[in-house]
Amino acid sequence: MIENSGVSETNNCPEYNPNVVAVKLPNTIEKFVDELPIPPVLAPLSQGEDSAYYEVEMKCGSHKFHRDFDETLIYGFNGIYPGPTIETRRGETLHVKWINHLPLDHFLPVDPTLHDSGPANDEVRTVVHLHGANVAPDSDGHPMAWFSRNYAQVGDKFSRQVYLYPNDQQATTLWYHDHALGITRLNLYAGLAGFYLIHDSKEEDLDLPTGKYDILLMIQDKTFREDGSLFYPPAPIVRAFIGNTMVVNGKVWPYLNVEPRKYRFRMLNASNTNGFDFLLLDEDLNQHPFWQIGTDGGLIERSQRIEKFPLDPAERLDVIIDFSELAGKTITLRTEELNLAGQVEPFKRDVMQFRVGFECEGEDESEIPKKLRDVKELKPSRKLKTRRFVMTQDGNRLTINHKGFMDAATETPEIDSVEIWELASPTFNPNSPLGIPPNITHPIHLHLVQFQILNRQDVDVTNFNEEEWINTGEGIILGEEHEPHPSEKGWKDTVRVEPGKVTRIIVPFRNYTGEYVWHCHILEHEDNDMMRPLMITEKNCD
Ligand code: C2O
Ligand code: CU
Ligand code: CU
C-alpha cells in the first residue's frame, strides 16, 4: 500500500473544478445525518521492543463530507482525512518517514507573495510537525524543512526524510499536521492533520474510559462549494478564514450513538481561524456539564466540572461526559461565540449530536477520579527573565513586536532556564479595515515546550505605549490580574492571547537546544507573518 520510491499515481482522485463558484449555504445542508467517523489506528511497518517504524504517505484522496455531497478532493495522510491515528507509549521511540506523493499543483489558491511561495517553489510543499511534542529540532518539522513530491524541491532547512520521536513526555493527545512555510493554512484545510496519542501507565492506572469509550474529536469549520468540494477564498492576503459549516472527524454536523455511561472525548480545535466556546445542551435546552481531565500537555491535577470552555485553534481539551442519567436523550455539542462581525451564526452553533441509547453493553467500570496526577505549579519570581511582546501589524503582514519570520531570532532562551513571557494584544479596533479581524484572540503556540498560564490583565488600548511597555513593563496596564479560565490549568503549548489584554505565561526550556519556532496558530496569521524563530541556546556558564 505504501510505496517507498517512485511517484504513486494520483489514485483516481476527483478533479477540482475551478469553475464552481457558488458556495453552499449552511441552511441547505441537512444536519445530523452522518455518523461520526473514527480515524483508523496506523500499524507500524516494523515493531521492536521499544521502537517502531512507520511510513506515512501524503497523497490526494476522495472524501465524502456529507451524505448529500459528492465525493470530493482532499489531501490526506495515507490519502485519508483525518489522517490515521498514531498511538505510542511513553519511552517508545518512533521513526516516521513522511512521504510526499501529492500532485504538483495545489487545488487551493496559493498566495505567491508569501514566504517560499514564489515560482521557484511552486510544487505542493509539505513538512510534518508533531504539535506539542518534545523532539529535537531536525525532527520538529521546521517550516523551511519542507519537501515537495519525491523531494524534487526542498526548503533551506530540509535535512532528513525520517523523523525521530522519543515520546519522552507524559501521556497526552498530540496532533500532527503540515507546517510548510506560506501554505500551512491551505494544506491543513485540504486535510493534512491527524491525531497522535501517547499513553503511559500512570494514566492507565486511573480507570478512565478506554477503547471505544475513548473518542477523538477533530473539530473544524469549513465552507463548501455547490458540488460539495472545499471552498477557500482566493489569494492574495486572506487574513482570516471563518467557515459556515461545522465538521467533526471529516463529517459535516455528524451524530454519535452512545450508551448511557461515561465516555472520554479528546477534543481538538483544528480550524484555521475560528475559536469556539463549547457547551452541551439537550433537546429541552437544559445544559449538561463536562468533566475536564486534561489539556494540551496531558492530565491536569484534579478533574473538574466545567459548564463551558473556550477552545482556540490547536488547543486540546480532554473531558469525560457522563451520559448515564441521560438515556433516551439527544445531547448537542454547541458553540456560543459570536462571529467576527459580532453576530450570532445560527447554523454554526451546532457542532455534533450525541444520541444516548437505553442499554449498556457491559457495566461501566470507568471512573472520574478526583486526583489525576501531580502537576508542579511554576511560581513567578522577579529573578526570572521576562520578555514582552505586542501583537502588531505592519502593512499587510501580522507581526510580533513588528518582526516577521525572516527577521533574526530575538527569543534565545538558555536551556534549563525558566522565563516569563508577557503577550499583549492592545488592538481592539471596532473600525478596522475589512478582512482584519477587529478583536480576535491570537492562539500563540511555542514549539518544544509545555508552559503554564499565570494571569491576564486589561490594557488601556487607547493610551497603551508599545515601546515603553516592551522596554520597561511600565505603560498602561489597568486593573487587577485575572486568573486564567478554569479550563486553562495544567501544561499548555498554546495560549489564547485575548484582545485588549496582556496574557502572562511561565515557560521552562528544557531537553534540546537549537532552532524551533513560535507563532500564532491562526493559520492565516502564521502564514503571513506572525511566526518567529525560537532559538534555544547552550547554558552560558560564567
Ligand atoms: Cu500546531 Cu507550529 O504548530
Ligand atoms: Cu507545535
Ligand atoms: Cu493571530
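The values are calculated or read from the model by the stated rules, or taken from the named source; none is laboratory data. Just so we're clear, the structure is a prediction, and the values are computed from it rather than from any experiment. Cβ sites come from the backbone with ideal geometry, for glycine too, and all protein chains shown count toward neighbours. We work out accessible area using only protein heavy atoms, side chains counted, and drop any ligands, DNA or RNA first. Shrake-Rupley method; radii C 1.70, N 1.55, O 1.52, S 1.80 Å.
For residue 160, indicate whether it is open to solvent by 10 Å² or more (accessible area, probe 1.4 Å), in contact with a His (Cβ under 8 Å, 6 or more places away or on another chain) and modelled with pLDDT of 95 or more. Full working, then the answer.
Numbers: open to solvent by 10 Å² or more (accessible area, probe 1.4 Å): yes; in contact with a His (Cβ under 8 Å, 6 or more places away or on another chain): no; modelled with pLDDT of 95 or more: yes.
Judged against the criteria, residue 160 is not a match.
Name the strands (runs of 3 or more DSSP E) wholly within segment 446-542 that hold at least 1 residues that are in contact (Cβ under 8 Å) with a residue 60 or more places away in the chain and more than 14 Å from ligand 2 (Cβ to nearest atom)?
On the way: elements: 452-459, 477-482, 494-497, 501-508, 514-520, 531-536.
In segment 446-542, 452-459, 494-497, 501-508, 514-520, 531-536 are the strands (runs of 3 or more DSSP E) which contain 1 or more residues that are in contact (Cβ under 8 Å) with a residue 60 or more places away in the chain and more than 14 Å from ligand 2 (Cβ to nearest atom).
Quick one: is residue 69 in contact (Cβ under 8 Å) with a residue 60 or more places away in the chain and open to solvent by less than 30 Å² (accessible area, probe 1.4 Å)? Walk me through it before giving the result.
On the way: in contact (Cβ under 8 Å) with a residue 60 or more places away in the chain: yes; open to solvent by less than 30 Å² (accessible area, probe 1.4 Å): yes.
Against the criterion (in contact (Cβ under 8 Å) with a residue 60 or more places away in the chain and open to solvent by less than 30 Å² (accessible area, probe 1.4 Å)), residue 69 qualifies.
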Next item on the list: Tell me, yes or no, whether segment 371-378 has at least one residue that is buried (at least 19 other Cβ atoms within 10 Å of the Cβ) and under 26 Å from the mean Cα position of the chain (by Cα).
Entry: yes
Margin query: residue 131 - would you say it is at pLDDT 95 or above, closer than 25 Å to residue 230 by Cα and open to solvent by 30 Å² or more (accessible area, probe 1.4 Å)?
Written below: no
Next item on the list: For segment 200-238, name all the residues that are charged (D, E, K, R), over 30 Å from residue 88 (Cβ atoms) and open to solvent by less than 20 Å² (accessible area, probe 1.4 Å).
Entry: 225
Item checked: Only one of 87, 30 that is acidic (Asp, Glu), assigned to a loop (DSSP other than H, G, I, E, B) and either open to solvent by 50 Å² or more (accessible area, probe 1.4 Å) or under 30 Å from residue 213 (Cβ atoms) (or both) -> 30
Notebook entry, point to check: Inside segment 140-157, can you point out the residues that are open to solvent by less than 10 Å² (accessible area, probe 1.4 Å) and within 23 Å of residue 495 (Cα to Cα)?
Noted result: 140, 141, 143
Notebook entry, point to check: Looking at this structure, is residue 227 at pLDDT below 95, of a type in the set (D, E, K, R) and part of a loop (DSSP other than H, G, I, E, B)?
Noted result: yes
Note to self: Looking at residue 444 and the list (1) crowded, with 23+ Cβ neighbours inside 10 Å; (2) of a type outside the set (Ser, Thr, Tyr); (3) within 13 Å of ligand 3 (Cβ to nearest atom); (4) farther than 22 Å from residue 135 by Cα, which single condition is not satisfied?
What the structure shows: (4)
Check: What about residue 107, is it open to solvent by 30 Å² or more (accessible area, probe 1.4 Å), part of a loop (DSSP other than H, G, I, E, B) and among the aromatic types (Phe, Trp, Tyr)?
Finding: no
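Regarding segment 285-296, can at least one residue be identified that is within 20 Å of residue 208 (Cα to Cα) and not in a strand (DSSP E or B)? Give the steps one after another, and end with the answer.
Just the residues of segment 285-296 that are within 20 Å of residue 208 (Cα to Cα), to begin with: 288-296.
Then keep just the ones that are not in a strand (DSSP E or B); that gives 289, 296.
Yes, that holds for at least one residue.
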